[in-house]
1. Can you tell me which of (1) in a loop (DSSP other than H, G, I, E, B); (2) surrounded by fewer than 19 Cβ atoms within 10 Å (Cβ to Cβ); (3) at pLDDT 90 or above is the one LEU57 doesn't meet?
2. Which members of the range 101-119 meet the condition of being touching a Lys or Arg at 6+ places or on another chain (Cβ under 8 Å) and within 10 Å of ALA156 (Cα to Cα)?
3. Out of all the residues in the range 20-30, is one or more over 27 Å from PHE175 (Cβ atoms) and either among the acidic types (Asp, Glu) or surrounded by 14 or more Cβ atoms within 10 Å (Cβ to Cβ) (or both)?
4. So GLN17 passes all but one of these: (1) closer than 28 Å to ARG176 by Cβ; (2) free of Cβ contacts under 8 Å to residues at least 40 places away in the same chain. Which condition number does it fail?
5. Given ILE212, ILE192, which one is under 23 Å from ILE297 (Cα atoms) and either assigned to a helix (DSSP H, G or I) or more than 23 Å from the chain's Cα centre (by Cα) (or both)?
6. Whether any residue in the range 180-192 is free of Cβ contacts under 8 Å to residues at least 24 places away in the same chain and closer than 30 Å to VAL14 by Cα is what I want to check.
7. Any residue in the range 367-381 that is surrounded by 15 or more Cβ atoms within 10 Å (Cβ to Cβ), farther than 19 Å from ARG110 by Cα, in contact (Cβ under 8 Å) with a residue 12 or more places away in the chain and not small (Gly, Ala, Ser)?
8. Quick one: which strands (runs of 3 or more DSSP E) sit completely within the range 62-161 and have at least 3 residues that are over 29 Å from SER34 (Cβ atoms)?
Amino acid sequence: MEFIRKDNGQRIRVASQPDVGSGGEAGIHSVLGSSDLVAKLYKQPRQLTFDKIRAMLSKPPAGHPDHITTAWPLAIIIQADGHQGEVGYLMPRITNVYKVFELFNPSRRREVAPTFNFRSLTRLARNVAVAFADVHAAGHVVGDVNESNVLATKTAMATLVDTDSFQIRGSKSTFRCQVGRPEYSPPELQGIRFDEVERTIHSDAFGLAVLIFQILMEGVHPFDGVRVLGDEPESREKRISRGAWPYLDGSGYKPAMTAPPLSMIDEPLRLLFWHAFVNGHKTSSLRPTAQEWAHAIDHSQTRLVSCNQTSNHFYWPHLDSCPWCDRYRYIGQDSFATPTTRNQLALFKNSPVLNNGSALSMSSAKSLRVSENYEEADLVLRILLSTGVEEGQCYFELGMVNLGRRKIPQALAHLIRARHCGFQDSVAWQEAATFAATFDKRLASQILELSSS
């Protein structure tokens, strides 16, 4: 397909299909012959949309000289057939990035970016704040803050995407953000139609604080917690509405047992969270600005120290011990897993979750799997694999763990590997087939065939 750049008349050709991405209103297409541009083409172009894009073009954020902090429109593109109708716009191509939730979720982070550590996360939190600050300085508001609209590189640089959904301040009018996510929306916007309200930097400040909390606290949402009195828990949105922050005495909630302690965070940052979720509950202007977050994290990250036991663990020195080693002992899972096998085994044997030191055996791994502690079972089995213990049975048990998680392709891959390693326990194979039959009879037949192959 051929179009014309409206700003300079240059003809451009784009892929016929949205090969980069597609949504309800538009598709993102590669620009042929260009490695650094993509074209966003609207399925039903509207005049109001392009009025907004023109306002964005007239006032872009300052950005960073060496990194794209916002995937901002670069030029409107029009039809090349003589009608000259506006159909979309060009924007920078963002490559080699992750969605931010892939990095703050520990399980996903270990898969996609195993070298990313807490120092990296702290730097990422700072760079997300800088990107927000750039948008605010240009007079705009992100509006639809969420974990999918922030991308990050391996070097912890951040880019905001879906920028045409932002609230844009033009010279004559403000183009509102039409959408939003309740879990990133402040108390004053809960239950309100997003297209009927004008956002402010103070509403963004709440969503930004939630994102930074998740980045620094292993993906835990700041308003997730356990009801103290055992009553039926309220929805997360209800807790946000009434300011029931689990880290506040009298909120009616306490943090989940699996959440890292807030005390591990540097004190100046804890104070900003307090302003964001407590002082800022009724008075939105008391929430820290993006610039305040960036400045505070800049200072805090310089104080991080390295663990003397595990070089990939970083923490703040007000703590008496490494919180990541402590967390590993407690839940049996290393958030930033690159310790040596020796250190891993030593820490793991002290985990109260894993039966007080008797967990590093095949029988304990199986017990964990049977009791549906899949995360712990998976880690024990991988440690056993790294030491060369009972390879065939390790792969079989990993297959069973993934059956329990309903991760079928991974389960089959491990079971096939177990068979190739010579694992022939007929009772175990029958157990696998019987378990699979409870949710997928065809899969059960595949397992039986595999066991006899």
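The values are calculated or read from the model by the stated rules, or taken from the named source; none is laboratory data. Please read these numbers as outputs of a predicted model, since none were measured by experiment. Virtual Cβ from ideal backbone geometry, glycine too; neighbours counted across all protein chains shown.
1. LEU57 satisfies all of (1) in a loop (DSSP other than H, G, I, E, B); (2) surrounded by fewer than 19 Cβ atoms within 10 Å (Cβ to Cβ); (3) at pLDDT 90 or above except (1).
2. So the first thing to find is which residues in the range 101-119 are touching a Lys or Arg at 6+ places or on another chain (Cβ under 8 Å), and the list is 101-103, 113, 115-116.
Listed by number, the residues that qualify are LEU103, PHE116.
3. Quick first cut of the range 20-30, residues over 27 Å from PHE175 (Cβ atoms) only: 30.
Subsequent filtering for residues that are either among the acidic types (Asp, Glu) or surrounded by 14 or more Cβ atoms within 10 Å (Cβ to Cβ) (or both) retains 30.
Yes, the conditions are met somewhere in the range 20-30.
4. (1)
5. Values: ILE192 fails: under 23 Å from ILE297 (Cα atoms).
Result: ILE212 is the single residue among ILE212, ILE192 that is under 23 Å from ILE297 (Cα atoms) and either assigned to a helix (DSSP H, G or I) or more than 23 Å from the chain's Cα centre (by Cα) (or both).
6. Let us first name the residues in the range 180-192 that are free of Cβ contacts under 8 Å to residues at least 24 places away in the same chain, namely 189, 192.
Adding the requirement that they be closer than 30 Å to VAL14 by Cα leaves none.
No, every residue in the range 180-192 fails to be free of Cβ contacts under 8 Å to residues at least 24 places away in the same chain and closer than 30 Å to VAL14 by Cα.
7. yes
8. Values: elements: 75-79, 86-92, 150-152, 158-160.
Per the criteria, no element qualifies.
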